[in-house]
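In what follows, a single structure is set out as structure tokens and then discussed.
The values are calculated or read from the model by the stated rules, or taken from the named source; none is laboratory data. Bear in mind the structure is a predicted one, so any value in this text is a computation, not a measurement. Virtual Cβ from ideal backbone geometry, glycine too; neighbours counted across all protein chains shown.
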Amino acid sequence: MSEKELTKKETKNPSTREIMNMAYETALQCYGVVGISRFDATVSGKYDPVPIEKSSRGVFVRKVASGQFDVDLYIILSSEVKLTETILECQKVVRYALNRKYSRTCRKVNVYVVSIK
């Protein structure tokens, strides 16, 4: 994602789909993140990454009062990285990118590790 795209702020309230796609793409750019998985992967046993068209299965957006939102990410990590650092960096990078694009409306990003490959 280029710097121009990040600095262009949206003045309208973003749609849930726009937020999910932005969070999906940003999380995949983080070091150590292999993919975004389904939220119910532990129950179903399917740990395959989901494509961006089906990002709603691995990224959840909860809109709260005054146009703000929270994001939940269900990710697959690489086994060669320090897990706690990778999770923390993924949270920071996704929140930073969303706040830059949508003018400080992202309250928090929750990252859940579903699988380690």
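A compact table of results
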| read-out | value |
| --- | --- |
| Residue satisfying all of: in region 45-83; out of contact with any strand residue (DSSP E or B) (no Cβ under 8 Å at 6 or more places or on another chain) and within 20 Å of VAL93 (Cβ to Cβ); surrounded by the fewest Cβ atoms within 10 Å (Cβ to Cβ) among these | GLU80 |
| Filtered residues of region 22-44 (kept if more than 21 Å from ILE116 (Cβ to Cβ) and either modelled with pLDDT under 75 or surrounded by 19 or more Cβ atoms within 10 Å (Cβ to Cβ) (or both)) | MET22 |
| Single condition TYR102 does not satisfy, out of (1) surrounded by 14 or more Cβ atoms within 10 Å (Cβ to Cβ); (2) modelled with pLDDT of 75 or more; (3) closer than 23 Å to ILE116 by Cβ | (3) |
| Test: residue in region 3-15 that is assigned to a loop (DSSP other than H, G, I, E, B) and modelled with pLDDT of 90 or more | no |
